[in-house]
Amino acid sequence: MSAKPKVLITQKVPETVQNYLNEHCDCTYWDKEGTMPRAELLEKITDVEGVFLSGGAVDTDLLDRAPNLRVVSSSSVGYNHFDLEAMKARGVLGTHTPYVLDGTVADLVLALMLSAGRRIAELDAFVKAGKWQKGAVKGTELFGMDIHHATVGIIGMGRIGEAIAKRAVHGFDMNLLYYSRSRKQDVEDKYGARYCSLNELLVESDYVVIITPLTPETEHMIGKEQFSLMKPTAFFINASRGATVDEQALIEALNNGTIRGAGLDVFDVEPTPIDNPLLKMPNVVTLPHIGSATDKTRYDMAMLAAKNLVGALTGGEAYVVQEL
Ligand code: DGY
């Protein structure tokens with residue numbers, strides 16, 4: 001019997017996932033809270049064939065310390081932390097976890113739209129601060145914006161984009177515009193979606209949602225010029241990656257009243273520094289990049305990442321992000 005491949009698991013995983021991994025691999029685990037610190041990862045990666053992680057740069061620095069490395073399995077759908085060219089040059093396969101998180105991330109996008117539009121976080125703070133006095137909810141200053149029958153523009157119509165479309169149209173009777181690399185006839189047929197240019201989408205939408213992967217093409221695709229096209233009553237929702245947006249331009253657009261508010265699950269730098277002006281804005285709802293963070297979905301992602309790791313190491317099935 002050939003020896004099991006040596007792998008490094010850089011975050012806590014559920015017991016059943018551990019059992020599965022132990023069956024197929026010789027595993028070294030990080031069993032503390034959070035993820036293995038970078039310094040320790042660089043030290044421990046030197047003799048492994050596979051690594052399980054969910055973020056942190058997979059760059060030349062890391063790859064050059066791991067001459068035996070064959071597979072990097074990320075428990076995430078996004079893989080912008082992979083240096084694909086460097087991985088390919090060294091014959092290292094990258095895998096990710098599509099499908100299992102679509103509905104969960106889409107749920108969160110709707111929650112961000114509702115929270116921003118109906119000012120949920122702001123008004124929760126208002127009540128808890130004892131500011132709810134008689135007559136206070138009669139004036140217009142606490143009013144929000146409807147979601148139902150409003151127009152949502154989705155930038156990026158992949159699997160998660162489609163799950164958002166379904167909720168927006170079937171749940172909230174929204175009008176749907178989308179901008180994507182390619183037209184999706186089935187989405188148009190199912191949800192009455194209209195494909196349009198990015199500029200048209202920005203001009204016409206009440207809620208602009210960006211859910212595109214971060215690639216060199218999508219980096220900073222939304223900046224000052226794009227915000228200037230949006231309605232002053234519109235909300236901007238980002239559950240993709242912070243760098244798809246010029247964060248400074250977003251701050252200016254919110255400060256100047258170019259747009260009304262935002263709902264953000266992602267930031268340029270994560271964790272975002274406490275002095276980020278976005279954190280001081282009552283019309284901005286902020287979350288700590290938790291799009292996929294429910295018990296079930298994180299379990300499914302961990303199990304899929306484990307199966308990808310084993311599959312890619314043993315010539316079985318895996319969601320590989322690029323062929324070598
Ligand atoms: C992913 O999996 O890429 C998501 O950002 C997780 O929230």
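What the table shows:
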| item | result |
| --- | --- |
| Among (1) more than 16 Å from the ligand (Cβ to nearest atom); (2) buried (at least 17 other Cβ atoms within 10 Å of the Cβ); (3) closer than 30 Å to S228 by Cβ - the single one D275 does not satisfy | (2) |
| Residue within the range 249-264 that is of a type outside the set (K, R), within 14 Å of the ligand (Cβ to nearest atom) and in the same structural domain as I154 (by TED's automatic domain parsing) present | yes |
| Any hit, the range 299-312, residues being under 28 Å from A125 (Cβ atoms) and either basic (K, R) or touching a His at 6+ places or on another chain (Cβ under 7 Å) (or both) | no |
| Residue among F172, F236 that is more than 16 Å from the ligand (Cβ to nearest atom), assigned by TED's automatic domain parsing to the domain that holds G153 and closer than 28 Å to H81 by Cβ | F236 |
| Test: A57 is over 19 Å from the mean Cα position of the chain (by Cα) and hydrophobic (A, V, I, L, M, F, W, C) | no |
| Among the residues listed as D26, D31, the single one being more than 22 Å from the chain's Cα centre (by Cα) and either touching a residue at least 60 places away in the same chain (Cβ under 8 Å) or exposed (fewer than 13 other Cβ atoms within 10 Å of the Cβ) (or both) | D31 |
| Unique match (being touching a residue at least 12 places away in the same chain (Cβ under 8 Å), within 12 Å of S54 (Cβ to Cβ) and not charged (D, E, K, R)) among A312, A302 | A302 |
| Residue, farthest from the ligand (Cβ to nearest atom), within the range 65-111, restricted to residues that are part of a helix (DSSP H, G or I) and among the β-branched types (V, I, T) | V109 |
| Selection within the range 29-82 - acidic (D, E) and closer than 19 Å to P14 by Cα | D31, E33 |
| Number of the exception - V92 against (1) out of contact with any helix residue (DSSP H, G or I) (no Cβ under 6 Å at 6 or more places or on another chain); (2) within 19 Å of N283 (Cα to Cα); (3) surrounded by 12 or more Cβ atoms within 10 Å (Cβ to Cβ) | (2) |
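The values are calculated or read from the model by the stated rules, or taken from the named source; none is laboratory data. Computed from a predicted structure; not experimentally measured. So basically every Cβ, Gly included, is an ideal-geometry build from the backbone, and we count neighbours across all protein chains shown.
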